[in-house]
Amino acid sequence: MEDRAIIRLEHLSKSFTVRSGVFGGRKSMQVIGDLSLSISEGEVLCLVGESGCGKTTTGKLIVGLIKPTSGKILFEGQDIWDMSKEDFSSYRRAVQIVHQDPYSSLNPVHRIYNILSAPLFRHGIVRSRGEAEEKVLELLGRVDLTPPEDFIYKYPHQLSGGQRQRVAIARSLTLNPRFIVADEAVSMLDVSIRLSVIELLRRLKEEMNVAFLFITHDLAMAKYFGWEGRIAVMYLGRIVEIGPTPRVIENPSHPYTKALLMAIPEADPRITRSKKPMELRSLDIPSLLNLPPGCTFNPRCPFWIEGVCDKEVPEMYEPEKDHYVSCFLFRGK
Amino acid sequence: MAEEILNVENLFVEYSNVRGKVKAVRGVNLKLYKGENLALIGESGSGKTTLGTAIIRLLPSSGYIKEGRIVYKGNENGYDISKFSEKELRQFRWKEIAMVFQSALNSFNPVLKIWDQIYDTARSHGLNNRSLVREKATDILRYVQLDPERVINSYPHELSGGMRQRVLIAMSLLLEPKILILDEPTTALDILTQRNIIELLRIIKKDMGLSMLFISHDLSLAAELADRVAVMYAGAIVELGGVEDIFYRSRHPYTLGLIKAVPTVTAGFRELYSIPGSPPDLISLLPGCKFAPRCEHKEAGCENEEPLLVEVNSGHLVACFKHKEISNGR
């Protein structure tokens with residue numbers, strides 16, 4: 001199991017420095033705190049959480065766009081920030097990211113051909129324009145932009161949102177990746193388009209055995225895309241629950257996961273109107289600049305135990321096999 | 001059903017654009033009854049926001065009502081809103097119909113404190129008594145579960161997304177309108193905040209008995225709050241009915257496609273189906289049913305003539321030639 005990990009995070013943390021006001025001093029804001037995680041070859045891990053919980057930062061750390069404050073990111077057992085130039089280049093090839101917004105992630109003055117062929121030339125996969133064209137046509141076909149000849153010399157603004165996101169996915173495939181971080185990759189798309197892009201990602205996963213970190217705020221989409229994989233629930237920079245998707249959805253254990261599942265509005269009137277949302281002690285999310293001591297969910301948690309939850313940070317407990325929960329309710333279970 | 005309060009009759013709205021005329025709303029007939037929640041569901045470009053903004057006459061400058069009437073019956077003698085002058089509109093908006101816009105942050109003036117914005121709104125409708133407005137504002141802010149003293153003295157950026165949304169809802173209720181239009185009231189909010197806003201809207205409806213028109217792309221909002229649902233596609237209503245008619249007994253292939261494309265969390269795992277293709281260009285529309293190019297039930301006739309809404313059951317209307325063969329297979 002351990003050897004199959006393609007990406008492993010060890011005690012990762014990331015802080016940003018922020019200034020408070022014009023005359024205010026600098027403060028350190030911890031966005032990710034002590035995150036450990038491993039993702040195996042070909043696995044799907046869904047990272048869910050609300051805005052500001054650090055899920056996008058986690059994605060950026062994994063693809064090496066930002067450096068961690070402490071801790072390590074291991075790619076096939078090697079620390080990515082302590083690699084030889086050749087190894088780093090092969091890591092960059094193997095690990096790709098698809099961003100949320102297809103309107104800003106594609107350069108508007110480049111044609112699709114240029115967008116997709118640049119990484120191919122950069123990494124020496126093709127040498128001539130003929131080769132590049134052939135490869136780009138193949139990529140466009142693979143993401144169902146057919147006939148590819150109609151798309152190759154278009155500009156991004158000539159495409160719809162769904163088509164642009166397909167181009168962004170095609171770009172992530174140019175270098176035959178083994179791991180893709182999909183950061184809210186379908187959230188901006190319309191309902192009728194969203195699912196076809198999800199199906200495309202599912203198919204690519206099957207055909208190319210790519211591992212996915214699927215970052216989303218949409219639990220229903222995570223459930224659908226990651227049914228055979230795992231879900232990790234993030235709250236204020238920490239993972240509070242992680243386990244096989246069916247277990248986390250059907251047997252949510254952390255109070256925060258429960259609160260989310262009991263609150264989420266669903267597209268079925270009878271189900272959604274019979275929901276009884278959990279009564280939280282507070283509606284406000286604590287500021288990252290001023291995190292509560294102990295378990296960060298304790299000021300909102302209805303199951304909070306005074307003197308325990310506001311003092312100590314809970315470890316990861318394993319109430320059932322492979323299903324981990326960071327909550328004192330599960331200590332010793 | 002009860003008395004109608006708003007009647008949109010054969011409404012056409014267009015935008016002029018360098019490429020031509022965008023036919024954003026095409027022949028919509030829609031009634032809103034007293035005390036009901038009506039959800040207007042559709043994807044981007046379906047005309048749902050245009051219809052909402054046309055009702056309170058806040059279309060952008062390139063947009064105009066080409067044809068049709070919007071009759072408001074909240075007062076004794078019905079008014080046709082589409083014929084109102086600017087002056088009449090100023091008196092009408094907020095007082096009779098208020099609207100909560102999509103982006104909670106952009107709806108505020110960033111350099112004015114919340115109190116100034118509330119007072120400005122009240123003053124422009126003739127409420128000049130500062131302490132009276134203050135009292136009213138305090139009441140209404142407390143009603144939407146905010147701490148009035150804190151909120152009134154804050155700038156918009158000092159409030160969280162959910163708080164801003166609650167302030168907007170409070171402001172829209174300040175002049176006790178009879179109709180509230182809410183454009184994507186929960187989009188872009190976190191799940192726990194969404195739930196909070198939904199519960200708040202439920203309480204408001206119960207207490208005040210006003211009529212609400214929700215505009216959203218999100219089926220779950222309709223599932224939560226709507227009494228009736230209207231589904232829009234390419235500028236027209238393609239299906240209209242009670243919330244259970246739409247979610248469990250839909251007879252239009254587009255509505256069914258939408259429902260089957262949205263995953264649920266609590267129900268067991270099920271496969272989903274996507275609708276092929278993409279929505280049409282509203283500038284150069286083809287004749288016939290606008291959904292036909294994406295429809296798996298399409299026949300030769302569908303592309304010649306556009307189907308009209310027909311009643312398939314009491315209060316359940318569908319615009320599809322093949323509605324008899326279509327049913328929700330769930």
task = May I ask you to give the percent of accessible area on the range A:203-299 that is carbon plus sulfur, with a probe radius of 1.4 Å?
result = 50
The range A:85-200: translational diffusion in µm²/s, Stokes-Einstein, Kirkwood Rh over Cα pairs, 37 °C, 0.692 mPa s = 228
inquiry  = What's the whole-number percent of alpha carbon pairs in the range A:56-108 lying beyond 17 angstrom?
reply    = 42
ask   = For the range B:1-80, what's the radius of gyration and Dmax over Cα atoms, in angstrom?
value = 13.4, 44
request  = State the three equivalent ellipsoid semi-axes of chain B, derived from the C-alpha gyration tensor as the square roots of 5 times its eigenvalues, in descending order and whole Å.
outcome  = 35, 23, 18
inquiry  = Positive end of the dipole of the protein assembly as shown, charges at C-beta (+1 Lys, Arg; -1 Asp, Glu), about the Cα centre: which of A:H323, B:V133, A:P277 has its Cα farthest in that direction?
reply    = B:V133
query = Using 7 Å Cα-to-Cβ label points, what is the B:W115/B:Q91 separation (nm, one decimal)?
reply = 3.1
inquiry  = Given contacts defined as C-alpha pairs under 8 Å and at least six residues apart, what's the relative contact order of chain B, whole-number percent?
reply    = 20
ask   = Around A:P265, with a cut-off of 14 angstrom between Cβ atoms, what is the net charge of the other residues, counting Lys and Arg +1 and Asp and Glu -1?
value = -2
task = Mind computing the radius of gyration and Dmax over the alpha-carbon atoms of the range A:214-288? Å is fine for both.
result = 12.9, 37
query = What is the mean projected area of the alpha carbon convex hull for the range B:284-330, to one decimal in square nanometres?
reply = 4.0
remark   = Note: A:216-224 gets an average of partner chain Cβ contacts (10 Å, Cβ to Cβ) equal to 4
query = For the range A:147-218, what is the relative contact order in percent, using Cα pairs closer than 8 Å and at least 6 residues apart in sequence?
reply = 37
message = Relative to 2.2 N^0.38 Å, what does the C-alpha radius of gyration of the range A:178-333 come to as a ratio? Two decimals please.
response = 1.14
task = Please compute P(r) over all alpha-carbon pairs of the range B:73-144, binned at 5 Å starting from zero, and give each bin as a whole-number percent.
result = 3, 12, 19, 23, 20, 13, 9, 2, 0
message = From the alpha carbon gyration tensor of the range B:235-330, can you work out the equivalent ellipsoid semi-axes (sqrt of 5 times each eigenvalue) and give them in Å, largest to smallest?
response = 23, 17, 12
inquiry  = Can you compute the radius of gyration and Dmax for the range B:205-263, using only the Cα atoms, both in Å?
reply    = 11.9, 37
request  = Between the alpha-carbon centers of the range B:272-330 and the range B:1-70, tell me the distance in whole angstrom.
outcome  = 20
query = When Rg is the radius of gyration of the Cα atoms in the range A:178-223 and Rh is its Kirkwood radius, what does Rg/Rh come to?
reply = 0.95
request  = Using per-residue counts of other Cβ atoms within 10 Å, averaged over each peptide, order A:120-131, A:233-244, A:26-37, B:118-129 from highest down.
outcome  = A:233-244, A:26-37, B:118-129, A:120-131
remark   = Surrounding charge for A:Y155, neighbours by C-beta under 14 angstrom, Lys/Arg +1, Asp/Glu -1, total +2
request  = From other protein chains only, count the Cβ atoms within 10 Å of every residue's Cβ in B:223-229, then give the mean.
outcome  = 3
ask   = How far, in nm, would the chain grow between A:I125 and A:S90 when pulled straight, counting 0.36 nm per residue and subtracting the alpha carbon separation?
value = 11.3 nm
ask   = Per residue, what volume in Å³ does the Cα convex hull of the range B:127-168 take up?
value = 72
request  = Step through the table entries A:K60/A:K205; A:K275/B:K205; A:K55/A:K154; B:K66/B:K178, compare each Cα-Cα distance with 23 Å, and write down the pairs that go over it.
outcome  = A:K55/A:K154; B:K66/B:K178
task = Diagonalise the Cα gyration tensor of the protein assembly as shown and give the resulting equivalent ellipsoid semi-axes, square root of 5 times each eigenvalue, largest first, whole Å.
result = 42, 34, 24
message = As I understand it, the dipole of the protein assembly as shown uses +1 on the Cβ of Lys and Arg and -1 on the Cβ of Asp and Glu, about the Cα centre. Which of A:V44, A:Q30, B:P177 lies farthest toward its positive end?
response = B:P177
request  = Calculate, in whole percent, how much of the Cα-Cα pair population of chain A lies beyond 39 Å.
outcome  = 18
note = Convex hull around the C-alpha positions of the range B:38-180: the volume in Å³ per residue is 142
query = In percent, how large is the relative contact order of the range A:80-179, given Cα pairs closer than 8 Å and 6 or more residues apart?
reply = 42
key: Over 18 Å [Cα-Cα, the range A:263-333], rounded percent   = 54
Set of lysines near B:K298 by C-alpha distance (under 30 Å), chain-local residues within fewer than 8 positions excluded = B:K21, B:K23, B:K31, B:K48, B:K260, B:K290, B:K322, B:K324
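The values are calculated or read from the model by the stated rules, or taken from the named source; none is laboratory data. Since the structure is predicted, the reported quantities are computational estimates derived from the model, not experimental observations. Here the Cβ is made from the backbone with ideal geometry for all residues, glycine too, and neighbour counts use every protein chain on show. These accessible areas exclude ligands, DNA and RNA; they are computed on the full protein's heavy atoms, side chains included. Shrake-Rupley method; radii C 1.70, N 1.55, O 1.52, S 1.80 Å.
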